[in-house]
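**Q** First, the structure itself, so that you have it in front of you.
Readers should treat all values here as calculations from the given coordinates under stated rules, not as data from a laboratory. Since we're looking at a predicted model, the values are computed, not measured. With ideal geometry, Cβ positions are generated from the backbone for all residues, glycine too; neighbour counts draw on all protein chains shown.
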Amino acid sequence: MGAPVSPGHGPGLDLFAAASAEGAWTVGEVTRRARAVIEAGLPPLWVRGEIAGFKAWRSGHWYFSLRDKTAQMRCVMFAKQNFRLPTPSDGMQVFVFARPSMYEEKGEFQLTVMELLSTEQGGLWKLAFEKAKAALTRDGLLDPARKRRLPAFPRRIAVVTSPDGAALRDIQAVVGRRWPVAELIVVPAQVQGAKAEASVCSALNRIRRLPVDVLVVARGGGSVEDLWAFNSERVARAVAAMPMPVISAIGHETDVTLCDLVADLRAPTPSAAAEAATPDRGEVLAQCGVLGQRLARALRTASRHVVERLDRAGDRLVRGIEHRIERSGALLTAHGARLDALSPLRVLGRGYAVARDENGQVLKRVAQLPSGKVFRLRVTDGEVHGRVQ
Amino acid sequence: MAEFSKQLERLEAIMRRLESEDLDLDEALKLFEEGVERLRAAREQLQQAELKVKKVLEIESPS
């Protein structure tokens, strides 16, 4: 009990002194004294109650009241105590481990809270998780339709993780074995502690501007507090806003964080994330072999098409010529008919005759036919011989 | 060297062109040669690769 008091007054109330203005206590003296009494009489203790009037200050300190049906009291929880905790909300039933004291400037009885536990199902973590998840769902960030396909042959793979954790070593080993064609861009971040949230967000922000095909966010296993940065709504929104597909591998297989939920793919371990991000070089080489065969087959097909086209062209040529020949035949018949019409045999048919001498010379004039001349007479159905008389 | 996935995309396009019916033999041969060359380049890219790891701190310009 080291609180200073006015001279002449011992511990306990001096009713006579209080009765006169002479030697009255100052406000500061009373509050200091009250604080000393409270701190001596009430050691740190567990208190149960309901949170009311919760307010988080920019400094990170939390101010709220704890109440039950009959009473309430002011509480403060400083940033260095609360930084690992999700933010509670009004109406929540909690246990606090606190030091009772007096906030002298306001003359208020106050609990300085050192630990805060929720009595609700799953505790404060679970509640905060569900609250953030509900906000992300409302904004459509957990919609399965948002999930993007991973690139088949990534050229640049970015990794956000602790620079000296096992996660990075595992990822490097897997990518080196399966797909060394890629370039691995490591963006170190603090993955636990008070600065983890800001550190992960700033790492994501830097990757935004890099030409990266796929991003892996990884962290090995840990307690729920250790993984908390990956349950922060801020980190989840930053992951959802990345321009490239994101694979998330946080904690062990049983831990599902908000980061896992908003990512395009959730992998159970960092190694599995690296496997999902890469094709296998051996398999791709085998595919190249198949492609080579297909290429040769395609060339054969192409040349067969050329030959077929030539054949078709040849057929058309032959058909064209045949057509010409047919037409020529018809023409010939027509000419024949016309020729026939002009034939001298037709004239003979009408009753005329042609006289020729023994040499075949046509005899047209009287002078050519002296008496006794032998001639041949061609009529329509044959020839007869005669002599002029 | 062209990006691996670009190589494969071009190969796909070559195949489709070769498998279509309106090619000169001359054009088909040219495409085939290009296909073979790209396939060879892709294979080489796969076989010679060695993983490069960069820390962003190293490649970032001071700003």
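**Q** Just to confirm my numbers, what's the Cα centroid distance between segment A:336-389 and segment A:199-217 in Å?
**A** Going from one Cα centre to the other spans 118 Å.
**Q** Could you list the square roots of 5 times each eigenvalue of the Cα gyration tensor of segment A:122-175, that is, the equivalent ellipsoid semi-axes, sorted largest first and rounded to whole Å?
**A** 30, 20, 8
**Q** Looking at chain A as a GNM with Cα springs under 10 Å, which of A:166, A:302, A:196 has the largest mean-square fluctuation?
**A** Result for chain A, Cα springs under 10 Å: A:302 fluctuates most.
**Q** Hey, got a sec? Which chymotrypsin sites (Phe, Trp or Tyr not before Pro) in segment A:99-143 land in a DSSP loop and have at most 15 other Cβ atoms within 10 Å?
**A** none
**Q** Where does each of A:308, B:19, A:183 land when they are ranked from fewest to most other beta-carbon atoms within 10 angstrom? Present the calculation step by step, with values, prior to reporting the outcome.
**A** On the way: A:308 11, B:19 15, A:183 18.
Ranking A:308, B:19, A:183 by Cβ neighbours within 10 Å, fewest first, gives A:308, B:19, A:183.
**Q** In segment A:15-99, what chymotrypsin sites (Phe, Trp or Tyr not before Pro) fall in a loop by DSSP, with at most 12 other Cβ atoms inside 10 Å?
**A** Passing sites in segment A:15-99 are A:57.
**Q** So how strong a dipole does segment A:345-387 carry about its Cα centre when Lys and Arg Cβ are +1 and Asp and Glu Cβ are -1, to the nearest 20 debye?
**A** 180
**Q** Hey, got a sec? Which trypsin sites (Lys or Arg not before Pro) in segment A:350-379 land in a DSSP loop and have at most 12 other Cβ atoms within 10 Å?
**A** When the trypsin sites (Lys or Arg not before Pro) of segment A:350-379 are filtered for loop state and at most 12 Cβ neighbours within 10 Å, A:350, A:364, A:365 remain.
**Q** What angle, in degrees between 0 and 90 and rounded to the nearest 10, separates the Cα long axis of helix A:27-41 from the longest principal axis of the Cα atoms of chain A?
**A** 80
**Q** Oh, and also: Let me confirm one metric for peptide B:31-40, namely the mean number of other chain beta-carbon atoms within 10 Å of its residues' beta-carbons.
**A** So the per-residue partner count for this stretch is 3.
**Q** Let me ask something additional. Using alpha carbon coordinates only, what is the Rg to Rh ratio of segment A:312-377, with Rh defined as the Kirkwood radius?
**A** Rg divided by Rh gives 1.43.
**Q** Right, next: Going by how many other beta carbons lie within 10 Å of each one, how would you line up A:73, A:244, fewest first? Working shown, then result.
**A** Working: A:73 16, A:244 20.
Ranked by crowding around the Cβ, least crowded first: A:73, A:244.
**Q** Turning to a different aspect of this structure: With 20 Å as the limit, write out which pairs from A:126/A:147; A:55/A:106; A:80/A:195 have Cα-Cα distances beyond it, or answer none.
**A** The answer is A:126/A:147.
**Q** Of the residues A:237, A:297, A:208, which exhibits the maximal mean-square fluctuation in a Gaussian network model of chain A defined by a 10 Å Cα contact cut-off?
**A** Looking only at A:237, A:297, A:208, the biggest GNM fluctuation is shown by A:297.
**Q** Among A:259, A:75, A:288, what is the fewest-to-most ranking by other Cβ atoms within 10 Å? Each step should come with its number before you reach the end.
**A** On the way: A:259 27, A:75 24, A:288 17.
The most exposed by this proxy come first: A:288, A:75, A:259.
**Q** Mind checking which of A:250, A:299, A:277 is farthest towards the positive end of segment A:233-342's charge dipole, using Cβ charges of +1 (Lys, Arg) and -1 (Asp, Glu) about the Cα centre?
**A** Of the listed residues, the answer is A:299.
**Q** In debye, nearest 20, what is the charge dipole magnitude of chain A about its Cα centre with +1 on Lys and Arg Cβ and -1 on Asp and Glu Cβ, if you could check?
**A** In total the dipole reaches around 3660 debye.
**Q** Here's a follow-up. Between segment A:236-266 and segment B:2-47, what is the C-alpha centre distance in whole Å?
**A** Rounded to whole Å, the Cα centres lie 38 Å apart.
**Q** Can you pull the one-decimal nm distance between simple spin-label points at residue A:335 and residue B:34, each 7 Å off the Cα toward Cβ?
**A** The modelled label-to-label distance comes out at 5.5 nm.
**Q** Just want the answer: with Cβ charges of +1 for Lys and Arg and -1 for Asp and Glu, which residue in A:333, A:368, A:389 is farthest toward the dipole's positive end in segment A:294-389?
**A** Farthest towards the positive pole: A:333.
**Q** For chain A, set up a Gaussian network in which alpha carbons nearer than 10 Å are linked by springs, and say which option among A:192, A:368, A:172 fluctuates the most.
**A** A:368
**Q** How much FRET efficiency would the formula 1/(1 + (r/R0)^6) give for residue A:313 and residue A:364, where r is the Cβ-Cβ distance and R0 is 45 Å, rounded to 0.05?
**A** Approximately 0.15, to the nearest 0.05.
**Q** Continuing with the same structure: Please report, to one decimal in angstroms, the Kirkwood hydrodynamic radius of segment A:234-283 built from all distinct Cα-Cα pairs.
**A** Numbers: mean 1/r = 0.0877 Å⁻¹.
Its Kirkwood hydrodynamic radius stands at 11.4 Å.
**Q** While we're looking at this one, here's another question. Compute, for segment A:140-266, the length of the dipole vector about the Cα centre, with Cβ point charges of +1 (Lys, Arg) and -1 (Asp, Glu) only. Units Debye, rounded to 20.
**A** The dipole magnitude comes to about 600 debye.
**Q** So what is Rg over Rh here for the protein assembly as shown, counting just Cα atoms and using Kirkwood for Rh?
**A** 1.64
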